[in-house]
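A.B. asks: I have a structure I would like to understand better, so I am pasting it below and will then ask my questions one at a time.
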Amino acid sequence: MTLLVDSDRLHSVSSTLVAHSAMKLVNAMQDDRKEVQIAAAACVFAMLAQKLGVHPGNALDVAQRIIAASVKERTDLRAVQMYVNEELKHG
């Protein structure tokens, strides 16, 4: 697996940019059934990880760190989390 994403850049990615991109993904699939939402998100994640040469576990570690920080720091990603928890249609 060729590493196409710089590890330092991945670990220091902007939570604001992550939040904006995450919201685009959520909006794109918000009308789908819940089982389609999770399967689609997982497929895109797996495809991106493979294409960009990032170990899925490393990417999930970064995601968990950003999510945890968003709760403490009230970042834009916290708003995405609230939307997913409270507003996302789970048809």
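A.B. asks: Suppose we keep only residues that are at pLDDT 95 or above and over 13 Å from LEU25 (Cβ atoms) within the range 35-46. Which one would you say is surrounded by the fewest Cβ atoms within 10 Å (Cβ to Cβ)?
C.D. replies: Per the stated criteria, the residue is ALA46.
A.B. asks: Would you mind stating whether VAL26 is at negative phi and under 12 Å from the mean Cα position of the chain (by Cα)?
C.D. replies: The answer is yes for VAL26.
A.B. asks: Sticking with this one: Of all residues in the range 21-34, how many are loosely packed, with under 14 Cβ neighbours inside 10 Å and of a type in the set (A, V, I, L, M, F, W, C)?
C.D. replies: Total meeting the criteria: 1.
A.B. asks: For the range 52-89, give me the residue count where each residue is exposed (fewer than 11 other Cβ atoms within 10 Å of the Cβ) and either in contact with a Ser or Thr (Cβ under 7 Å, 6 or more places away or on another chain) or more than 18 Å from VAL18 (Cα to Cα) (or both).
C.D. replies: Residues in the range 52-89 being exposed (fewer than 11 other Cβ atoms within 10 Å of the Cβ) and either in contact with a Ser or Thr (Cβ under 7 Å, 6 or more places away or on another chain) or more than 18 Å from VAL18 (Cα to Cα) (or both): 2 in total.
A.B. asks: Any idea which of (1) farther than 14 Å from VAL80 by Cα; (2) surrounded by 12 or more Cβ atoms within 10 Å (Cβ to Cβ); (3) out of contact with any Ser or Thr (no Cβ under 9 Å at 6 or more places or on another chain) is the one ASP8 doesn't satisfy?
C.D. replies: Unmet condition: (2).
A.B. asks: Go through the range 68-88 residue by residue and tally those that are under 14 Å from VAL26 (Cβ atoms) and part of a helix (DSSP H, G or I).
C.D. replies: 11
The values are calculated or read from the model by the stated rules, or taken from the named source; none is laboratory data. What you see is a predicted model, and the numbers here were worked out from it, not measured in a lab. Quick reminder, even Gly has a Cβ in these numbers, built from the backbone with ideal geometry, and neighbours come from all protein chains shown.
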